[in-house]
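The values are calculated or read from the model by the stated rules, or taken from the named source; none is laboratory data. No experiment lies behind these values; they were computed from the predicted model shown. Virtual Cβ from ideal backbone geometry, glycine too; neighbours counted across all protein chains shown. For the accessible areas, the whole protein counts, side chains as well, though only heavy atoms, and no ligand, DNA or RNA atoms are used. Shrake-Rupley method; radii C 1.70, N 1.55, O 1.52, S 1.80 Å.
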2 protein chains.
Amino acid sequence: MSSTLIELCYGSAYPSIMAKELLHPDIDQIDLSAVLDALSDPTRREIVAHLTEVGEDSCGSMNPFSSKTNLTYHLARLREAGVTRTRIDGARRLISVRAGDIEQRFPGLLPAVLTAVRAKEPS
Amino acid sequence: MSSTLIELCYGSAYPSIMAKELLHPDIDQIDLSAVLDALSDPTRREIVAHLTEVGEDSCGSMNPFSSKTNLTYHLARLREAGVTRTRIDGARRLISVRAGDIEQRFPGLLPAVLTAVRAKEPS
DNA sequence: CCTATTGTTCAATAAATGTTGAACTCTTGG
DNA sequence: CCAAGAGTTCAACATTTATTGAACAATAGG
């Protein structure tokens, strides 16, 4: 795992690379431990469930789930694990779940987790 | 989570309770975070995969997976999460996966994880 | 150009995690 | 009863976590 947050976010500590493109693992590099770890946190699961429902959402819209700073952390965790994709849209970041990729890599896993989340917390 | 290992193992720090009955959550108390957390560790996943294959096994037979001491820790983790059941058989402990219970509580979850484990490490 | 908005970075902190070796307890077979 | 085998407990440790507030950077709109 990267040591600094900037490396975790951009895959490099180079300032020149900032705000260009965020680091996403490609399908083959998605690691089961990382995914399960990402999904083992209740806040992150709620984020994933929410994103699954709405398709795509900005960081700011998800403030109810956690504080702004902490959200950055959790979203980085999800993205770095390969669970979500973050695309830059002006000043905002739009997040979505990489449902197809995760399904391709670990069939049945995400649906099972989402079923469990919905069972506990009805939408 | 319990503070001391003895509490984690027996649900109480009372020495008189030792070696009598190990603490297992019942189905309704099995927590998704705890299960995902238990399964997020590669060593524990291998243990679960192995147990799924052989049905039931003793602590000592699983030494290849980790050191004796560490095995106690990981097995306590799995048992406390509700993933495995440990029954005492004389001087030995026989461990098995609570596949039915987990399936009832979180349908599809364990099969998906096991499929992923097998895909990575062919038996 | 200013400023509000959006989100990130940094440093700090408290707690949990995985791992180890030495000492211990319990059970069983001789 | 005693020694060997099975597994646990304990204390210690280096890492990783989740969380916070203050300061920062980038963009969009007036």
Result for interface chain A to chain B, accessible surface buried in total, 1.4 Å probe, Å² to 100, stands at 1400 Å²
Quick one: with label points 7 Å out along Cα→Cβ, list the inter-copy distances for residue A:89 in nm, shortest first? 5.8
Can you list the aspartates and glutamates whose alpha carbon is less than 16 Å from that of residue B:120, not counting same-chain residues fewer than 8 positions off? A:28, A:31, A:103, B:41, B:46, B:53
Got the residue B:43 label distances to the other copies yet, label 7 Å along Cα→Cβ, in nm, shortest first? 2.8
Considering only protein heavy atoms, what per residue accessible area in square angstrom results for the stretch B:47-87 with a 1.4 angstrom probe? 44 Å²
How many angstrom lie between the Cα centre of the stretch B:32-48 and the Cα centre of the stretch A:59-88? 24 Å
Just give the residues from the stretch A:26-61 buried by at least 30 square angstrom of accessible area in the all-chains context relative to the isolated chain, probe 1.4 Å, and say none if nothing qualifies. A:32, A:33, A:36, A:40, A:45
Name the GluC sites (Glu not before Pro) in the stretch A:22-123 that are in a loop by DSSP and that have at most 15 other C-beta atoms within 10 Å, would you? A:56
